[in-house]
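*Asks:* Take a look at the following structure, please.
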Protein chains: 2
Amino acid sequence: MGAHADIDQVDLAAVDLVTVLQALSDPVRLEIVRQLACGTAMPCGQVRLDVTKSTASHHFKTLRLAGVIAQQDEGTRRNTWLRREELDERFPGLMQAVLHDRD
Amino acid sequence: MGAHADIDQVDLAAVDLVTVLQALSDPVRLEIVRQLACGTAMPCGQVRLDVTKSTASHHFKTLRLAGVIAQQDEGTRRNTWLRREELDERFPGLMQAVLHDRD
């Protein structure tokens, strides 16, 4: 029995472009995506944001429901990662374009 | 003296990624962008949309203020075109990714 609990993950095939664009079109959510761009899972708390914890949670949820990130609870940690490969397959070039604009 | 009147065009260098993503994250506005993707200017009225004229005007304005499209009045026609080359320079790959998702 593992101590890992996946949080409901959406099927990216059922997510449309508008939903993903809406999820990405917020400065806090873009910042989350940029910090997760390295590709490795990290606890939500390690993503540095200038917002309250509840606001951050809301933004993480929006990204998760749009299929942009996935999350898994491990004990008291909620690991989070960018669904980069799946996003690249579903929306080719989109994440690269979004992450390219880092300046 | 020409009969052409440019409508205030934003400086794309001053437009950030969030603004462009917000402009693109609407089904009607995405449809406008797709119909303008051929690259040639067309009168607003030739863009076929399932919304009222005033709603359409609102969406054209949102796209224009985000630097996605440009418009020019020519007599009674308001010609509209996608600022594709400038967008490609400012946000490399973004329009290609957005327009790729046509299905």
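*Asks:* Quick check on my filter: what residues within segment B:47-88 are more than 15 Å from the chain's Cα centre (by Cα) and either without any contact (Cβ under 8 Å) to a residue 40 or more places away in the chain or closer than 16 Å to residue B:23 by Cα (or both)?
*Replies:* B:50, B:51, B:52, B:53, B:54, B:76, B:77 - these are the residues of segment B:47-88 that are more than 15 Å from the chain's Cα centre (by Cα) and either without any contact (Cβ under 8 Å) to a residue 40 or more places away in the chain or closer than 16 Å to residue B:23 by Cα (or both).
*Asks:* If I ask for residues that are out of contact with any strand residue (DSSP E or B) (no Cβ under 7 Å at 6 or more places or on another chain), within 26 Å of residue A:24 (Cα to Cα) and small (Gly, Ala, Ser), which ones from segment B:1-38 would you list?
*Replies:* The answer is B:13, B:14, B:23, B:25.
*Asks:* Something else: Taking only segment A:21-30 into account, find how many residues are facing chain B (nearest Cβ under 8 Å) and either in a helix (DSSP H, G or I) or farther than 15 Å from residue B:15 by Cβ (or both).
*Replies:* Selection size over segment A:21-30: 6.
*Asks:* Of everything in segment A:1-43, what is of a type in the set (Val, Ile, Thr) and surrounded by fewer than 14 Cβ atoms within 10 Å (Cβ to Cβ)? Give them in sequence order.
*Replies:* A:40
*Asks:* Report, by residue number, each residue of segment B:50-64 that is of a type outside the set (Phe, Trp, Tyr) and surrounded by 17 or more Cβ atoms within 10 Å (Cβ to Cβ).
*Replies:* Correct list: B:56, B:59, B:62, B:63, B:64.
*Asks:* Can you name the number of the only condition in (1) surrounded by fewer than 17 Cβ atoms within 10 Å (Cβ to Cβ); (2) within 14 Å of chain B (Cβ to nearest Cβ); (3) assigned to a loop (DSSP other than H, G, I, E, B) that residue A:67 fails?
*Replies:* That leaves (1) as the condition not met.
*Asks:* Another question, then. Given the options B:72, B:46, name the one that is loosely packed, with under 15 Cβ neighbours inside 10 Å, more than 22 Å from residue A:90 (Cβ to Cβ) and not small (Gly, Ala, Ser).
*Replies:* None of the others qualify; the one that does is B:46.
Every number here is computed from the coordinates shown, using simple stated rules; none is lab data. Bear in mind that the values here come from a model prediction, so they are computed numbers and not experimental data. Neighbour counts are summed over all protein chains in view; Cβ atoms, including those assigned to glycine, are modelled from backbone coordinates with ideal geometry.
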